[in-house]
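Student: Take a look at the following structure, please.
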Amino acid sequence: MHRSPPSTSPSTDFAAWFDLAALQQDDATASALLAPVKQYLADGNRVIADRFERGTDVALLLEARSWLVDQVLCHCWSCCMGDDAETLALVAVGGYGRSELMPGSDVDLMLLMPDVEDARINSQAETLLTFLWDVGLDVGHSVRTVADCAEQSLADITVVTNLMESRLLAGSSSLYADMQAATAPDKIWNSRDFFETKLGEQRARHRKYHGSGYNLEPNIKEGPGGLRDIQMITWVTKRHFGTASLEQLVEHGFLTDSEYQTLVDGRTQLWRTRFALHTLTGRSEDRLLFDYQRTLAEQFGYLNDARRLGVEAFMREYYRTIMELSRLNEMLLQLFHEEILHPEGPGEPVALGKRFQSRHGYLEAVDTGIFSYNPMALLEIFLLLQQHPELHGVRADTVRALRSHCNLIDEEFRNDIRARSLFMEILRQPQGITNALRRMNLYGVLAAYLPAFGNVVGLMQYDLVHVYTVDEHILMVVRNLRRFTVHEYATEFPLCSHIVGTLPKLELLYIAGLFHDIAKGRGGDHSKLGSSDAYEFCTHHHLSEYDTRLVTWLVKQHLLMSSTAQSQDIDDPVVVNRFASVVEDTVRLDYLYLLTVADIRATNPKLWNNWKDTLLKQLYYNTRRALQRGLQDPMQRSERIEQVKAAALDDLGGDDGRYTTLWQRLGDEYFLHHVPSQVAAHTRLVADHAADNGCMVSVEPDSERGGTEIFIYGKSKERLFSRITSVIEQLGLNVVDAGVVSTDDDHILDTFHVLEENGQPVAGDARMTEIQETLRQSIDSDEDAGWHINRRRPRQHQHFPIKTHIAFRQDEDSQRTIMELTTADRPGLLSRIGRAFADCDVRLWNAKIATFGTRAEDFYYITDLENRPLTEKAQFACLEKAVEKYLARNGS
């Protein structure tokens, strides 16, 4: 039997770590070896885990675990393959081939065969693989000939990538050498083709993560800045230079010593995190889920303090690490681009002013000392990138020089009128703003120029509302605002694209986007603190008093439109007039609407849906009409009611005697909370249903409000609201708005706006029929069906405990009591609240349902059974006790 020596000799005598006697058995049959080998692996893994806890270098531990498995494979190879062991080759590939075997990673193997098929060899190989699985190794394997390797490598670059990282474990070294020769760069996948294809792979992989590694549950391996990006560098290095050693990049002039150390330190941190994650979960888990973040933070010594949670400090360190690795990845890929795609040399420079030029589509400083004697070039370079969209990026030596001179961006620099003018010019460019700001952040320039921004770089917001770090969220907001101006995306948000075209100064919108969350993490109201920062910036950059007031107002009020739309009745003229009085004019309204849409969409891609879109549009249009009418002459509720009735009658084609008779039974409240088209549709349905004693359920899949409307008319029954909401929630629907109307003759007209769990309206005739029939059967039943919600709370919710808070206030305008409920979102929440209302003889008139991650913030408009506001302490106490009781129950 022949074993190849490792590509590099083990850095440690691992034989002293493990008890190899367990492998030395007189009986070499598989059955006799099974128990000793399992024990050997279990003991060895415990040794490695113990050394990890004691702080042993993780690179050494990965090599040790690979060595541990090597001994098993080599021993079993000779036992299982017999005389054929010398004619075949057992090859380690992938991470195992690199001797970087994580605790939960697969042991990837290739059995290299001679060209002739042999049934006996196949049987022996199956025995070997079965044995490896039986001892607890997660084996991934392939069986190939040398010709197979060449053919499959040519067809699939991932195959040749695996083979490049391979090690011969046991068997024929000549057969292994033949495979290496057949898949070498002079035969297939030369370094140019390999680099271009791998670069395309990386870009596609980054797109899967929206181009950002700064998600709150990042993927250590696959996300931007993660381990796969480092492997990308080693693959290209191996293919082009013939070595997988990152240290060789220093010798070739691609990295400085300090950059090499940064790269190695970053890889080590990611390795340590991944090693701990695999150990904690007991499997190959590469996602830093909320389930594990707190435990890992504690394990690595990150403790809570007065300023922030330990988990936030741990994750901030992670995000800053992947930012550094992303920068090095970008820089090295640029160098590879030049080295591999342009071997003839850097080419002739194309002048771009006095200080900069381009080579092969990359921007470079004419003299890397330019940043020393003209620090303004630290900003000018980003302006040039905007003005020359044909450029691919910045040459590595210029990035290196820029990074090393960021310390020149000090108070004196920020006070220089030239710097202030350049920064404003960057924000005023018609294109490239997002890319410029992202590069400024990546290179450290943005944090240096705006120290307040530096405070939020890598800062996580430990909740389920924001899925990005604060700095990434801010840049996403600016990106969304900029996208409104791009003609190609005009159909995404037509209203936003129309409004943005009417704004006189887009840079004011971008400044508001930059500062709206810049005060996160300081304590206090980030909107007010950020407004002060924005005021300082605007005055410092000589914006006019009007522009400064507008920007600071936008930052201070950036949550106003969203909270109003989601928590109040935006059909009510009183609500609209109150909101309009804060906004004051249509210019502010336009800017605020755009900022609100961009902000919500940048918070969490899953939060945006047609319902939110329609709510914000409706509030925008209602407010615009109120402002155009004049704040001194606000619309009264009575006027609004008459307008709705008149428009509805017009839609109905006039009154045939039944319609106004029906309306007299409804009361004014109904007409305040419904638009004319709803009133007309409901009126037709009820009028046509009058002769039927059963309930009537109508499902409008795509209503004007952006969700699906469920309209129910029928006889009032005890606990009916709770029953209806139980059924709706059991059907997997989320209620986002509810309106309850009781007629004088003891009927109900309930309207629910719902969305499917994916945030979309209901679709398909079968689904609508299911909803209608299930609701109708439950309502018409004389018995409480005792529905229980089987939907489980999402996994992440358990990590964000939220204390229930109940508050009451009186709405003098509507003569209703508003119960504000903040609690942890859970399946069946609305039904539970409905039961509490029934227990306390409380009538629900309207409900505004808002969910922010794990937190539900609901507003219920209620009275007693005599339609009077609640005033007695006993009433409030009853509700508080009943709500707490039903929220504590496991079922609904």
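The values are calculated or read from the model by the stated rules, or taken from the named source; none is laboratory data. Since the structure is predicted, the reported quantities are computational estimates derived from the model, not experimental observations. Quick reminder, even Gly has a Cβ in these numbers, built from the backbone with ideal geometry, and neighbours come from all protein chains shown. Calculation scope for accessible area: heavy atoms of the full protein, side chains included, ligands and nucleic acids excluded. Shrake-Rupley method; radii C 1.70, N 1.55, O 1.52, S 1.80 Å.
Student: What about residue 826, is it surrounded by fewer than 17 Cβ atoms within 10 Å (Cβ to Cβ) and under 17 Å from residue 729 (Cα atoms)?
Tutor: Against the criterion (surrounded by fewer than 17 Cβ atoms within 10 Å (Cβ to Cβ) and under 17 Å from residue 729 (Cα atoms)), residue 826 does not qualify.
Student: If you don't mind, there's one more thing I want to ask. Within the range 462-479, can you find the residues that are open to solvent by less than 30 Å² (accessible area, probe 1.4 Å), out of contact with any Gly (no Cβ under 8 Å at 6 or more places or on another chain) and part of a helix (DSSP H, G or I)?
Tutor: Matches in the range 462-479: 472, 473, 475, 476.
Student: With respect to residue 305, is the statement that it is open to solvent by 30 Å² or more (accessible area, probe 1.4 Å) and in a loop (DSSP other than H, G, I, E, B) true? Give the steps one after another, and end with the answer.
Tutor: Numbers: open to solvent by 30 Å² or more (accessible area, probe 1.4 Å): yes; in a loop (DSSP other than H, G, I, E, B): yes.
Criteria met by residue 305.
Student: Filter the range 732-752 down to residues that are closer than 26 Å to residue 664 by Cβ and either open to solvent by 20 Å² or more (accessible area, probe 1.4 Å) or in contact with a Gly (Cβ under 6 Å, 6 or more places away or on another chain) (or both), then give me how many there are. Walk me through how you get there before you give the answer.
Tutor: Step one: list which residues in the range 732-752 are closer than 26 Å to residue 664 by Cβ, which gives 737-752.
Next, only the ones that are either open to solvent by 20 Å² or more (accessible area, probe 1.4 Å) or in contact with a Gly (Cβ under 6 Å, 6 or more places away or on another chain) (or both) stay: 742, 744-747, 751.
Counting residues in the range 732-752 that are closer than 26 Å to residue 664 by Cβ and either open to solvent by 20 Å² or more (accessible area, probe 1.4 Å) or in contact with a Gly (Cβ under 6 Å, 6 or more places away or on another chain) (or both) gives 6.
Student: Let me ask something else about it. Residues to consider are 657, 707; find the one that is among the small types (Gly, Ala, Ser) and over 47 Å from the mean Cα position of the chain (by Cα). Break it down stepwise before answering.
Tutor: Values: 707 fails: over 47 Å from the mean Cα position of the chain (by Cα).
Within the list 657, 707, the selection yields 657.
Student: Scan the range 116-145 and report the pairs whose first residue is open to solvent by less than 60 Å² (accessible area, probe 1.4 Å) and whose second residue is of a type in the set (Phe, Trp, Tyr), with Cβ atoms within less than 8 Å and a gap of 6+ or a chain change.
Tutor: 128/77; 139/133
Student: Say we look at the range 829-872 and pick out the residues that are of a type in the set (A, V, I, L, M, F, W, C), open to solvent by 20 Å² or more (accessible area, probe 1.4 Å) and within 20 Å of residue 736 (Cβ to Cβ); which of these is nearest to the chain's Cα centre (by Cα)?
Tutor: Residue satisfying both the conditions and the ranking: 852.
Student: So, one more: Across the range 365-394, what is the total count of residues that are among the aliphatic types (A, V, I, L, M) and over 18 Å from residue 426 (Cα atoms)? So that I can check it myself, show each step before the final result.
Tutor: Residues of the range 365-394 among the aliphatic types (A, V, I, L, M): 365-366, 370, 376-379, 381, 383-385, 391, 394.
Applying the additional criterion that residues be over 18 Å from residue 426 (Cα atoms) yields 365-366, 370.
Residues in the range 365-394 being among the aliphatic types (A, V, I, L, M) and over 18 Å from residue 426 (Cα atoms): 3 in total.
Student: Another question, then. Considering only the range 356-373, state which residues are part of a loop (DSSP other than H, G, I, E, B) and either open to solvent by 30 Å² or more (accessible area, probe 1.4 Å) or of a type in the set (Asp, Glu) (or both).
Tutor: Within the range 356-373, the first condition is being part of a loop (DSSP other than H, G, I, E, B), and the residues that meet it are 360-361, 366-369.
Across the range 356-373, the qualifying residues are 360, 366, 367, 368.
Student: Take the range 50-102 and flag every residue that is open to solvent by 10 Å² or more (accessible area, probe 1.4 Å), farther than 13 Å from residue 139 by Cα and not in a helix (DSSP H, G or I).
Tutor: Matches in the range 50-102: 54, 55, 56, 57, 87, 98, 99, 100.
Student: Could you check the range 386-400 and list, in sequence order, the residues that are surrounded by fewer than 22 Cβ atoms within 10 Å (Cβ to Cβ) and aliphatic (A, V, I, L, M)? Give the derivation first.
Tutor: So the first thing to find is which residues in the range 386-400 are surrounded by fewer than 22 Cβ atoms within 10 Å (Cβ to Cβ), and the list is 386-393, 397, 400.
Across the range 386-400, the qualifying residue is only 391.
Student: Please determine whether any residue of the range 566-583 is open to solvent by 10 Å² or more (accessible area, probe 1.4 Å), in a helix (DSSP H, G or I), under 30 Å from residue 209 (Cβ atoms) and touching a residue at least 12 places away in the same chain (Cβ under 8 Å).
Tutor: Yes, that holds for at least one residue.
Student: Of everything in the range 504-540, what is outside any helix (DSSP H, G or I) and open to solvent by less than 20 Å² (accessible area, probe 1.4 Å)? Give them in sequence order. Step through it out loud before you land on a result.
Tutor: Taking the range 504-540 and keeping what is outside any helix (DSSP H, G or I), we get 504-505, 516-525.
Correct list: 516, 517, 518, 519.
Student: Then there is this: Pairs needed: first member in the range 706-735, under 14 Å from residue 753 (Cβ atoms); second member anywhere, assigned to a strand (DSSP E or B) and of a type in the set (S, T, N, Q); C-beta distance under 6 Å; at least 6 residues apart or different chains.
Tutor: Listed pairs, sorted by first residue: 711/698; 711/751.
Student: Can you tell me which residue in the range 197-228 is nearest to residue 326 (Cα to Cα), limited to those that are in contact (Cβ under 8 Å) with a residue 40 or more places away in the chain and among the small types (Gly, Ala, Ser)?
Tutor: 225
Student: Right, something else. Go through (1) more than 27 Å from residue 337 (Cα to Cα); (2) over 26 Å from the mean Cα position of the chain (by Cα) one by one and return the number of the condition residue 253 breaks.
Tutor: With respect to (1) more than 27 Å from residue 337 (Cα to Cα); (2) over 26 Å from the mean Cα position of the chain (by Cα), residue 253 is out only on (1).
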